[in-house]
Amino acid sequence: TFGAFGNTLNLCIFAMRYNRCTTNSLEKGAIIGLAALALSDLAFCTITSIGSLIPIHRIVFTEKEFGYYYQVYAGLLQNVFIKASTWLTTIACVSRYAAVCYPLWARQFIRLAYIKTAVIASFVFSFCMYIPLFWSHNVHEMECDNYTLFVITSGYFQHNVHMSTTFTYIWLLT
């Protein structure tokens, strides 16, 4: 809860600072990067906080309700936002390093479009990297009398040792 509040406050402050900033593209780029980091952390905090409000070890559902979708996709989304936060932090560090150690080069080459592209690429890359987690659960529909049960079981990704090992090595390298 505190993380969500702090990141929401950061987003508000960054929005005000971005609107006040007139010409300095390095400062605007830093604000965009930090705002994207706050947004990614806010999404992670929100998804994780929701987990404390609903039973997360439930595997049988009578309808496709919020808890069902949360059980199937929450782990994937948490991983995506954590990886995006890691990459956004790396982008901010490299940009700051360039601005401090090579200020003339940084002013000439680090443009707002570069920062925006890097931010979007970090989210896209993070999502693409965790695509295999879509196969970590199987959902079986079972007809019982006059209603349908949705049963969540472990999926192909968890049973395929080669796939999960390869994913682990790729995860370690990124």
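The values are calculated or read from the model by the stated rules, or taken from the named source; none is laboratory data. Just so it is clear, the model here is predicted, and its values are computed rather than measured. Glycine also receives a Cβ, built like all others from the backbone with ideal geometry; neighbour counts cover every protein chain displayed. For the accessible areas, the whole protein counts, side chains as well, though only heavy atoms, and no ligand, DNA or RNA atoms are used. Shrake-Rupley method; radii C 1.70, N 1.55, O 1.52, S 1.80 Å.
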| note | Of the accessible area of segment 1-118, computed with a 1.4 Å probe and all protein chains kept, carbon and sulfur make up a percent value of 68
| Label-to-label distance, nm, for residues given as Glu27 and Val94 (7 Å Cα→Cβ offset) | 2.5
| field | trypsin sites (Lys or Arg not before Pro) restricted to DSSP loop in segment 72-174 with at most 15 other C-beta within 10 Å | value | Arg111
| In nm, to one decimal, how far is the Cys101 label point from the Arg20 one, both placed 7 Å along Cα→Cβ? | 3.2
| query | Measuring from centroid to centroid over Cα atoms, what is the spacing of segment 133-167 and segment 1-70 in Å? | reply | 28
| field | Shape of segment 74-174, Cα gyration tensor, a/c cut at 1.5 | value | prolate
| For segment 1-156, with every protein chain kept in place, what is the accessible area per residue (1.4 Å probe, Å²)? | 62
| task | Return a whole-number percent for the relative contact order of segment 33-143, with Cα pairs under 8 Å and 6 or more residues apart as the contact set. | result | 35
| task | Provide the net charge surrounding Leu112, with neighbours chosen by a C-beta distance below 11 Å and charges set as Lys +1, Arg +1, Asp -1, Glu -1. | result | +2
| said: List the residue ranges in the chain for DSSP H helices whose C-alpha atoms run 20 angstrom or more along the long axis and whose Kyte-Doolittle average is 0.5 or above. | reply: 25-51, 66-101, 112-129
| query | Say R0 is 25 Å: what FRET efficiency, to the nearest 0.05, do Tyr73 and Phe2 get from their beta-carbon distance? | reply | 0.50
| note | Expressed as a whole-number percentage, the relative contact order of segment 91-174 with C-alpha contacts under 8 angstrom and at least six residues apart is 18
